Amino acid sequence: MKRVTRTLRCWKSSGLVLSLAMTGPAWADKLTTPAPTPLLPVVPVPVLPAPDKTAMVKGALYHPDWNLFNAGNSGASGFGVVNGYGQARWAEDWSALANTPRTQRQKDWFNRLKYVKLNTSGSIWMSFSGEERLRYIFENQPMLGYAGKTNASRVLLRNQYGADLHLGEHVRAYAEFLYGVAGGSNTYGYQTGAQRESLDLQQGILEVKGNLLGAKMGVIGGRQIFLDAPVSMQSPRDLTNVQQTWDGFRGYAVWKRFRIDLFDFMQTNKLPQKVFADGTNYSARLYGAYTSTALPAFQFMGQKSQMFADLFFLGYLYNGAAAAIPAATSGSLQKGSSRRDNVGLRLWGNVGPFSTNLTGIFQGGEFRPAQASQRTRPVRAYAINGSITYTRADWAGKPGFGVQGDLFSGGSARSQDGAVGTFSTPFVPLPYYNDMSLSLTSQNLIGVGPIANFTIQPTLHLKLHVPFFWRASTQDAVYGGNSKVYNWRNNLHGGFTGVMPYTQLSWNFAPHWAWTHDIEGILLSRGMRDVGAKEGALYMQTLEFKF
């Protein structure tokens with residue numbers, strides 16, 4: 001414990017001293033984009049020429065204008081955050097450059113690649129995007145020592161480039177290609193296809209859109225990342241070289257105060273690791289509907305407030321390791337397939353200076369054992385997630401202070417014929433949300449702890465999160481990321497699991513560049529240490545270039 005604590009102090013001190021001694025360049029003062037919230041991944045902030053005045057009034061900054069759903073850096077639209085650049089690069093819209101004065105466009109060389117006219121009128125145009133990301137990860141006891149490796153070092157390089165072709169106002173096509181390289185020492189998990197990837201089509205979509213019934217409507221078909229779900233349930237899997245993508249379609253309609261998204265996807269199969277060999281994994285399906293309603297705006301503490309009420313259904317169909325559940329014998333698993341029906345309600349937005357987020361989910365469905373002699377079991381699980389952050393934009397550092405709490409239900413591994421009570425998140429919750437190291441995941445888990453974020457400079461952001469974890473049910477197993485079910489159960493006493501303090505420092509030190517440091521300590525309870533779980537720490541450094 002003492003060695004881990006000393007290591008964390010050393011890393012934190014050196015990282016903070018180095019970063020605080022650096023000052024952002026002069027162009028940073030011109031940026032007006034708000035800092036990301038503590039629960040969202042950092043998106044590098046580029047130097048952007050000001051869009052035309054009409055776009056600025058509407059609130060659109062290089063993404064389609066979604067009216068009230070521009071909130072959260074366009075995250076309320078269901079297509080992910082667009083903070084300069086988007087989580088999904090096809091969610092960007094650079095057509096505003098057509099009306100931007102040449103002197104403004106020339107401030108960034110890459111603007112010549114963001115809006116390329118292909119005909120005289122400009123109705124047909126293309127936009128190019130690219131990303132080079134170098135990431136280093138050090139874990140001294142990965143997976144609480146369960147991975148069987150010590151002092152694992154990974155070096156990950158992602159090369160990702162895309163082209164977005166607009167054929168008038170109603171049709172566009174986007175293609176994105178990926179090549180991922182991974183190396184290091186004492187490595188593990190490289191055989192899954194999530195780190196090493198030969199040249200392949202990462203995303204490829206065709207969108208048909210227009211205005212109908214007073215709404216902006218569209219259909220997007222093909223291979224794509226999907227972000228219209230709570231971050232506590234799934235994410236684009238950006239921790240690895242290869243993001244999680246889906247093959248299928250989605251249809252959307254956005255009115256002034258209401259939007260709906262319908263979708264049906266099969267997971268992309270990233271194996272075998274050969275050139276243009278990615279196929280479709282028909283054993284993993286995601287389908288459902290997501291709706292969001294913008295409630296009437298109001299004033300609180302002298303600030304404009306806007307809340308959103310989201311009602312959604314997410315259906316999961318999956319098998320393999322992700323669907324296995326603990327068997328009665330400790331350390332053994334019952335194989336099978338699962339259907340999870342998630343019905344949820346989310347209330348989120350800002351109430352004056354308070355950013356709020358409350359989500360409740362009931363998870364039904366069934367678990368079908370692989371052995372025909374065993375009967376199908378119903379699923380009765382739930383999750384409750386909430387956070388509140390108080391932000392003072394008028395203080396130095398624009399600090400935000402809050403608390404985050406989560407409850408993901410657990411079941412009983414001793415019961416092999418009743419309802420399955422363990423909440424399941426088979427499609428990778430956001431690592432930044434709770435546990436960066438993926439030692440734990442959103443199953444049979446209670447977590448609560450303070451959160452804080454600071455904008456030290458317009459280009460220098462600091463986040464802090466100190467979650468304390470318990471098992472929701474002491475009759476259930478401890479679950480880790482990547483479908484890991486730890487075999488510590490019968491000899492594990494007490495519900496307290498441990499505390500995992502986390503720090504992220506991100507510096508956008510130049511146009512298009514971001515340098516991020518993530519540090520997490522893994523401090524375990526006596527009960528966890530007694531059964532063989534090992535404490536440790538994670539350090540991740542990411543250098544990213546985007547255009």
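For the residues 506, 473, the requirement of being touching a residue at least 12 places away in the same chain (Cβ under 8 Å) and assigned to a strand (DSSP E or B) singles out 506.
Looking across 127, 121, one residue alone is hydroxyl-bearing (Ser, Thr, Tyr) and at pLDDT 95 or above. It is 127. Taking the range 274-304 as the range and being basic (Lys, Arg), loosely packed, with under 15 Cβ neighbours inside 10 Å and closer than 28 Å to residue 260 by Cβ as the test, only 304 passes. Within the range 83-104, being open to solvent by 10 Å² or more (accessible area, probe 1.4 Å) and touching a helix residue (DSSP H, G or I) at 6+ places or on another chain (Cβ under 7 Å) holds for one residue alone: 96. Return yes or no: is residue 308 touching a residue at least 60 places away in the same chain (Cβ under 8 Å) and of a type outside the set (A, V, I, L, M)? In short, yes. Count of the range 450-470 residues, restricted to those that are closer than 18 Å to residue 386 by Cα and touching a Gly at 6+ places or on another chain (Cβ under 8 Å), is 10.
Per the conditions (1) closer than 29 Å to residue 502 by Cβ; (2) outside any loop (DSSP other than H, G, I, E, B); (3) open to solvent by less than 30 Å² (accessible area, probe 1.4 Å), the sole criterion not satisfied by residue 80 is (2). Selection within the range 338-397: residues that are in contact with a Pro (Cβ under 7 Å, 6 or more places away or on another chain) and among the basic types (Lys, Arg). The member of this set that is nearest to residue 309 (Cα to Cα) is 346. Here the range 511-528 is the region considered, the condition is being touching a helix residue (DSSP H, G or I) at 6+ places or on another chain (Cβ under 9 Å) and under 30 Å from residue 110 (Cα atoms), and the residue that is least open to solvent (accessible area, probe 1.4 Å) is 518.
For residue 470, the conditions (1) open to solvent by less than 20 Å² (accessible area, probe 1.4 Å); (2) modelled with pLDDT of 95 or more; (3) hydrophobic (A, V, I, L, M, F, W, C); (4) under 13 Å from residue 528 (Cβ atoms) all hold with the exception of (1). Screening residue 256 against (1) closer than 18 Å to residue 189 by Cβ; (2) of a type in the set (D, E, K, R); (3) surrounded by fewer than 17 Cβ atoms within 10 Å (Cβ to Cβ) leaves a single unmet condition, (1).
Could you name every one of the strands (runs of 3 or more DSSP E) located completely within the range 88-198 that has at least 3 residues being acidic (Asp, Glu)?
124-139
Of the numbered conditions (1) open to solvent by less than 40 Å² (accessible area, probe 1.4 Å); (2) outside any strand (DSSP E or B), residue 341 satisfies every one except a single condition; which is it? With respect to (1) open to solvent by less than 40 Å² (accessible area, probe 1.4 Å); (2) outside any strand (DSSP E or B), residue 341 is out only on (2). Picking from residues in the range 127-140 that are among the hydrophobic types (A, V, I, L, M, F, W, C) and open to solvent by 30 Å² or more (accessible area, probe 1.4 Å), the one that is nearest to the chain's Cα centre (by Cα) is 134. Within the range 384-415, the set of residues being crowded, with 16+ Cβ neighbours inside 10 Å and in a loop (DSSP other than H, G, I, E, B) comprises 398, 399, 409, 410, 411, 412, 413. Within the range 141-162, the set of residues being surrounded by fewer than 18 Cβ atoms within 10 Å (Cβ to Cβ) and touching a strand residue (DSSP E or B) at 6+ places or on another chain (Cβ under 7 Å) comprises 153, 155, 157, 159, 161. Would the range 359-368 turn up any residue that is open to solvent by 20 Å² or more (accessible area, probe 1.4 Å) and among the β-branched types (Val, Ile, Thr)? Taking every residue of the range 359-368 in turn, none turns out to be open to solvent by 20 Å² or more (accessible area, probe 1.4 Å) and among the β-branched types (Val, Ile, Thr).
The values are calculated or read from the model by the stated rules, or taken from the named source; none is laboratory data. Model, not experiment: these values are computed from the prediction. Every residue, glycine as well, gets a Cβ built from its backbone with ideal geometry; the counts of neighbours run over all protein chains shown. Please note that ligands, DNA and RNA were not included when accessible areas were found on the heavy atoms of the full protein model with its side chains. Shrake-Rupley method; radii C 1.70, N 1.55, O 1.52, S 1.80 Å.
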